[in-house]
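Nothing in this text is a laboratory measurement; each read-out follows from the coordinates by a stated rule. These numbers come from a predicted model, not from an experiment. Cβ atoms come from the backbone with ideal geometry, glycine included; neighbour counts cover every protein chain shown.
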Amino acid sequence: MPSGALPEASLAKLATDLCRRGYVCVPLRRGGKHLDLEALGRRPIHLSLRSKRLKELAFTSVLYQLAEEPPSEDTVAQWFSKGDSNIGLVCGVGGLIALDFDRPTMFQAWRDRHKTLVAKTPICRTPKGYHVLLTCKLPLVSSSMHYGFRRAGHIKALGGYVACDPCKLANGDAYRWLPGQSPDIIDPQTVGSLADVGLHPVSPFKRVYDDVLGRGSFKDH
């Protein structure tokens, strides 16, 4: 997969090629990793108000909708037809999740226990850590990610997205697929649940607390 800055036509082709493989690509703002709502034909009202909560609501709602109703290849190509956007992958599509490890040391500790899985799934080196692409049989929502007793980063699932190669940030930092592990070469490995790979959306203490109080589910009334 090509790395570095790409002409608009090449970026649009990359996005539509990934679309054919079952991914949904979205444009990110130039030099950054925030969703470009204007390129998607949406109103980015959070920019004028500088409201973080409004931004998170807008991003989550748009991304959830795109995961539930993926756009056509023509629509994706149109999103990347103007400007020099960065590129992101919508999570939740077809059960796609991204394990967003904030630190290389935490990723390496987890990888050492899951070497076979890690060697056969797409992985992107980020400026600070790694994105590991998997598919999960259970629908998940984006959340924090814990490995053992420590917070390891975030789980990007329904309502979430991740920046990917060939993204380049304004400070020069870049996203790069590991050799032979880009999504145009191999498909994400499938897991039954996060617990299958030793990960959880909350800390062990909160899991026990929620279990005791019966939190996390609802009854039909």
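Screening the chain for whole DSSP H helices of 15 Å or more along their axis (Cα) with average Kyte-Doolittle hydropathy at least -1.0 returns 8-20, 52-68.
Expressed in units of 2.2 N^0.38 Å, where N is the residue count, the Cα radius of gyration of the stretch 23-117 is 1.27. Listed by chain and number, the lysines whose C-alpha is less than 20 Å from the C-alpha of Lys55, apart from same-chain residues fewer than 8 away, are Lys33, Lys156. Label separation (Glu68 vs Thr190): 2.4 nm, computed from points 7 Å beyond Cα along the C-beta direction.
When Rg and the Kirkwood Rh are both derived from Cα coordinates, the Rg/Rh ratio for the chain amounts to 0.97. Of the peptides 45-58, 171-184, 127-140, 84-97, the ranking by mean beta-carbon count within 10 Å, highest at the top, reads 84-97, 127-140, 171-184, 45-58.
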